[in-house]
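First the structure, in the form of structure tokens, and then the observations on it.
The values are calculated or read from the model by the stated rules, or taken from the named source; none is laboratory data. Because the structure is a prediction, the values reported are computed rather than measured. We place every Cβ from the backbone using ideal geometry, glycine too, and count neighbours over all the protein chains shown. Accessible surface is based on the protein model in full, side chains and every heavy atom, while ligands, DNA and RNA are left aside. Shrake-Rupley method; radii C 1.70, N 1.55, O 1.52, S 1.80 Å.
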Amino acid sequence: MTGKILTANRVDDGLVVFLNGRGEWAEALSEAWLGEHDSTIAEFEDIASAAGAGTEVTDVYLFDAERDGDEFVPAHIRERIRALGPTVRMDLGKQAEGIGGAFNALG
Amino acid sequence: MYRYDEFDHRFVRERTTQFRDQVTRRLSGELTEDEFKPLRLMNGVYLQLHAYMLRVAVPYGTLSAPQMRQLAMIAERYDRGYGHFTTRQNIQYNWPALKDLPDVLDHLAEVEMHAIQTSGNCIRNVTTDQWAGVAADEIADPRPICELLRQWSSLHPEFSFLPRKFKIAVTGAPQDRAAVAVHDIGLHMHRNADGEAGWEVLAGGGQGRTPMIAVTVRDWLPERELLPYLEAVMRVYNLHGRRDNKYKARIKILIHELGAEEFRRQVEEEFARAGTPEVEVEQRELARIAAYFAPPAYEDLQDVSTEFELAKNGNRDFANWAKINVAEHKAPGYAIVNISLKPVDGIPGDATTEEMNLVADLSERYSANEIRITHRQNLVLPYVRKRDLFAVWSALNDAGLAIANLGHLGDIIACPGMDYCALATARSIPIAQDISRKFADLKRQYDVGPLTINISGCINACGHHHVAHIGILGVDKKGKEFYQITLGGASDENASIGKILGPGFSGEEVPDAIEKIIETYIAIRGESETFLQTYRRVGADPFKEALYATA
Ligand code: SF4
């Protein structure tokens, strides 16, 4: 099942976050809320414009992802790298903290 | 060595205090991101793929040992234990938190450093030869002129609202190591027929989306006329500069559209009209600045060092490193040590806190406290006595930093690419790593000879791929990384833009493609002909055939 996920960078430390089902910004992609219907995506767009004007996150946008078992896999390599960390430094980023996801950046 | 004068110091402190206030107001919600973004960019803070990035200016690529130690400390305390030296001769931190950045800027100010003016439509830091002041072939140290230009441009109202960012490079040596022909303005020192040193003025070079080699506007100009002449160049540019289209407003586009002849004519006319006022003031200022860049007190040494010669005879690795990474110095008995930040499988330009501290220690002990950063993402110890070379090499070797590949195949430039950069269309670093593994054998690298491979992760060309002997540009092809190969670029005094060889390759295919290009060169090269010379003699066809001929 494909859908869209709302992502941003946190203002205070700049780290990548994803909107979860409780309307909070989570660090792990696995906690994200995958919007699969037009109505959810419309709601995402409202949340995005409100959040973009706030103090918690910045650079809010949607990306395409797919559900794969328990996790979500972004469609594009750029978003996979954002969700994991640099492919050349496996010791850094979310992948190093165990919140990256089991998928591979290269797809 | 270069120090701020009082004015700069106060200015930097004020800006840091302002930025602290701006960050507080951003975090409290008083400032929106739209309001805050231009302010953070002015202070060198970018938002990248994973986090904020701080770009710290290193004027003329020149650092003191205490400054390098402070950079190392910041990497340790506020980042993840490393920094990235870039092709703009500065350092970037990849993971700082916004809330810490005012403290980081304070720590930088403690050692007279800052992150100001590394972005926006203004004149960027002026760049120069990494061997300025020490290269054996140099006519004069270009840094005083760089500094004069920096002051001139930062105080000049006409430059505050340039149509686009503006880059200047200066070299004081016949061999151009500052890539002056691919900058908006390039200055290249020459002697005229009477032996007097003066400046060739180039304009309209650039990389990015529309790469161009600069045209020579004036082939020789006495130094006292330089600023008035550049004023004339800027006025002609500002008069025509197209601010309506951000891809068209660069000076290179203007010169292209007007034609080099007409541009020259207008500049000369403007120069003649305005005359050359205030010359004495500048000469006094130049003399004052030059004192900042005065070389250390050289010891009176024999040029040949017996210790050095003996050490080379006793250790082949040291001898190779000395041949490849050590350059001729202008002072007898001294040498320029180049520290390659390009180990096999490494990340070009990255240095850890420990590595930065080691280089700081070595500079303190052996190089008059001074370090340089090169646009090829390497470091330099500019004042090493030949008799100390073995000791320096041994310390570097113990730390894995005596990599004897300078100017050779392993000395690859790579921009951060999609592993870090928000603008990237593909990754750069893994391609550099794959190539470095494939050609890890130094003997093979020496057999191939001087060769530059530069990789950019998007058309912005921070990895200088257009001016590499072999350039690699990462593009996005239907959501997949793809790489275009160009051949024949150069950034030296015979600069040229590389030409695309043909259809691109997937990342996995790139190392084999490079291998075929190298094999082709080796098969057809003339006696002691470099890769670039061979390419310029035979053109692209043999390489195309090797890469694309159907079996
Ligand atoms: S060339 Fe592109 S990908 Fe590489 S650092 Fe510059 S903007 Fe980023």
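List of remarks:
- Cβ pairs under 6 Å, 6+ apart, first in the range B:397-422 and within 16 Å of the ligand (Cβ to nearest atom), second in a strand (DSSP E or B) and open to solvent by less than 20 Å² (accessible area, probe 1.4 Å): B:412/B:453; B:413/B:454; B:414/B:455; B:415/B:456
- Residue that is farthest from residue B:296 (Cα to Cα) [pool: residues in the range B:381-420 that are open to solvent by 20 Å² or more (accessible area, probe 1.4 Å) and within 18 Å of the chain's Cα centre (by Cα)]: B:416
- Among the residues listed as B:206, B:195, the single one being at pLDDT below 95, farther than 18 Å from residue B:270 by Cβ, open to solvent by less than 10 Å² (accessible area, probe 1.4 Å) and not hydrophobic (A, V, I, L, M, F, W, C): B:206
- Members of the range B:344-371 found to be out of contact with any strand residue (DSSP E or B) (no Cβ under 9 Å at 6 or more places or on another chain), buried (at least 18 other Cβ atoms within 10 Å of the Cβ) and not aliphatic (A, V, I, L, M), listed by number: B:346, B:357
- Restricting B:423, B:409 to those that are modelled with pLDDT of 95 or more and more than 16 Å from residue B:84 (Cβ to Cβ) reduces the list to B:409.
- Odd one out for residue B:464, checked against (1) within 29 Å of residue B:205 (Cβ to Cβ); (2) away from the ligand (no atom under 13 Å from the Cβ): (2)
- Residues in the range A:84-107 that are at the interface with chain B (Cβ under 10 Å from one of its Cβ atoms) and within 15 Å of the chain's Cα centre (by Cα): A:84, A:85, A:93, A:94, A:105.
- Screening the candidates B:527, B:545, B:481 for the property of being open to solvent by 20 Å² or more (accessible area, probe 1.4 Å) and assigned to a helix (DSSP H, G or I) yields one hit, B:545.
- Only one of B:14, B:30 that is part of a loop (DSSP other than H, G, I, E, B) and either open to solvent by 10 Å² or more (accessible area, probe 1.4 Å) or under 30 Å from residue B:361 (Cα atoms) (or both): B:30
- Enumerated strands (runs of 3 or more DSSP E) restricted to the range B:59-107, each holding at least 2 residues that are among the polar types (S, T, N, Q) and more than 14 Å from every other protein chain (Cβ to nearest Cβ): B:62-64
- Taking the range B:525-551 as the range and being closer than 16 Å to residue B:450 by Cβ and out of contact with any Phe, Trp or Tyr (no Cβ under 7 Å at 6 or more places or on another chain) as the test, the residues that pass are B:525, B:526, B:527, B:528, B:529, B:530, B:532, B:533, B:535, B:536, B:537.
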